[in-house]
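Colleague: Let me give you the structure first, and then I'll get to my questions.
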Amino acid sequence: MGERRHTRRRRTKVLVSILLAALIGCAGGENDAAAADTPRKPTVYLTFDDGPSPVTDRVLAILREEEVKATFFVVGAQAEKYPERLRQIAEQGHAIGNHSYNHKYEELYGDFKSFAAQVVRTNQILQKKANVTTRLVRAPGGTFGNFDSVYFNALQAAGYIVFDWHVDSGDAKRLNVPAKEIAANVLNAKLLPEMIVLLHDGGSHKETAAALPQIIKHYKKHGYQFAVLSDKVKPHTFRLAPTLKWKRAKPSPEQAVAWLGGKNAALPKQAAGTQPQPPNEPAQPTEPAQPTEPAQPEPAEASTNITLREWVTDTGGSVSWDPNQGIVFAFVQGFELHLIPQSTQVEVIDPDGAARILNVQLTWQNGVVKLPADALDQLLAPSAG
């Protein structure tokens, strides 16, 4: 099994090596994923997990002095304990996200029902204590190795938006990580046009607050603007891990969504009828009336094409974009698909881990991916033998 995963990763890397050169200048990178919402200036999103706590006071004071806004992924139990601090976060213009109720991994990832219950409970606390509603969710420990397609798909269907991070400050790798080390981890990270930085404001993270002024100074020096995460920001999540850290039963998609309160439960009431978009597909702009690429397909053939977004949305799946590998990951009905922009090859990984590569007549135009409707059954067909 391990050898098969190694072979699969190696094959993916070979495909990327062959085709990556063609992507430069035509795929546009991660920022083209949502052109309408991509900031014109380099943007950094400072995020703080595990609060509120007494450390939050110092963090808020520094942010206020520096005139910087941030996003706080709060733990429900902490919000109940420190409701005044929760309200201060909101009143000072920062964003608030859901970071579970108790942050206990074995409960959150032992089964999805417990995870969903904690998300719902925490959102109810945020509403009751600070009149805050949020669609933002961050998985304790991150999604990699913890989330499977059930978690991603159910949260998306219920209207939640999941955010991981680009830069880990390392402030939670052990107790009492010194401020100097925390700052160095952030300052040494590769600069990207958009960056989500993971920090913590739990009670044991005084050193994080001490490192914060230097971190802010670093990004200001490089011309970054600071912003909060919202439903207008293109989500960033890690890809699915080849194997999970947890063994758990898989509920049906319908049951998983019901545990979160139903379809679109996280959306504002006036928008409850709006279909949420899957995260991180590297294309959202409306197609232009006059395409830049030659339009040659016959009408009958064109009518059989479907956009990747339309297909994924209709099947309750999710899409993510890995800018490091240059691959689009689609997760549909337990299958994992790897698509490389401007290529016609798709790597398909079955629910049992078997992998194969198929040639599909994909059309990549202005960042929109289309594929023939008759190819869908082929992509989701189990491997022979």
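Quick note: the coordinates plus some simple rules give every number you see, no bench work behind them. Small disclaimer: the values here were computed from a predicted structure and weren't measured. Don't worry about glycine lacking a Cβ; one is built from the backbone with ideal geometry, like all the others, and counts go over all protein chains shown.
Colleague: With only Lys, Arg, Asp and Glu charged, each at its Cβ (+1 for the first two, -1 for the last two), find how big the charge dipole of segment 37-226 is about the Cα centre; round to the nearest 20 debye. Let's see the in-between values first.
Modeller: Values: 23 positive and 21 negative charges, 73 e Å.
I would put it at about 340 debye.
Colleague: For THR43, which sequence-distant residues (separation of 5 or more, or a different chain) have an amide H within less than 5 Å of its own amide H, given hydrogens modelled in the peptide plane?
Modeller: So THR43 has HN proximity to GLU194, MET195, GLN225.
Colleague: Under the Karplus relation 6.51 cos²θ - 1.76 cosθ + 1.60, θ = phi - 60°, what is the ordered set of whole-Hz ³J(HN,Hα) values for segment 170-176, x standing for Gly and Pro?
Modeller: Computed from phi, the couplings for segment 170-176 are x, 6, 10, 5, 7, 6, 6 Hz.
Colleague: How many nm separate the modelled label positions at LYS41 and ALA241, each set 7 Å beyond the Cα in the direction of the Cβ?
Modeller: For the pair LYS41/ALA241, the computed spacing is 3.8 nm.
Colleague: From a point 7 Å beyond the Cα of GLN225 in the direction of its Cβ, which residues of segment 53-81 have a backbone N at a distance under 14 Å?
Modeller: 68-69
Colleague: Please work out the FRET efficiency for the pair GLN333 and ASN131, using the Cβ-Cβ distance as r and a Förster radius of 41 Å; give the result to the nearest 0.05.
Modeller: The formula returns an efficiency of 0.60 here.
Colleague: Taking 0.36 nm per residue of sequence separation and subtracting the Cα-Cα distance, how much length would be gained by fully extending the chain between TYR105 and GLU80, in nm to one decimal?
Modeller: 7.0 nm
Colleague: In which sequence would LYS81, LYS263 go, from the one with the fewest C-beta neighbours within 10 Å to the one with the most?
Modeller: Details: LYS81 12, LYS263 19.
Lowest count first: LYS81, LYS263.
Colleague: Points 7 angstrom from Cα along the Cβ direction at ASN176 and GLN92: gap in nanometres?
Modeller: 2.6 nm
Colleague: Taking a threshold of 32 Å on the Cα-Cα distance, which of the pairs LYS104/LYS221; LYS234/LYS370; LYS81/LYS190; LYS104/LYS234; LYS41/LYS245 fall above it?
Modeller: In this structure, LYS104/LYS221; LYS81/LYS190; LYS41/LYS245 lie more than 32 Å apart at Cα.
Colleague: Hey, fewest Cβ within 10 Å first, where do LYS41, LYS220 land in order?
Modeller: Arranged by neighbour count, lowest to highest, LYS41, LYS220 become LYS41, LYS220.
Colleague: How would you rank THR344, THR143, THR71, going from fewest to most other Cβ atoms within 10 Å of each one's own Cβ? Each step should come with its number before you reach the end.
Modeller: Details: THR344 14, THR143 22, THR71 25.
The most exposed by this proxy come first: THR344, THR143, THR71.
Colleague: Run the simple label-point estimate for ASN305 and LEU380 please: 7 Å along Cα→C-beta, distance reported in nm.
Modeller: In this crude spin-label approximation the distance works out to 2.2 nm.
Colleague: Right, next: What ratio of Cα Rg to 2.2 N^0.38 Å holds for segment 63-133?
Modeller: 1.17
Colleague: Any idea which of PRO193, GLY159, TRP246 is furthest toward the positive side of the dipole for segment 152-261, if Lys and Arg beta-carbons carry +1 and Asp and Glu beta-carbons -1?
Modeller: After comparing all options, I get TRP246.
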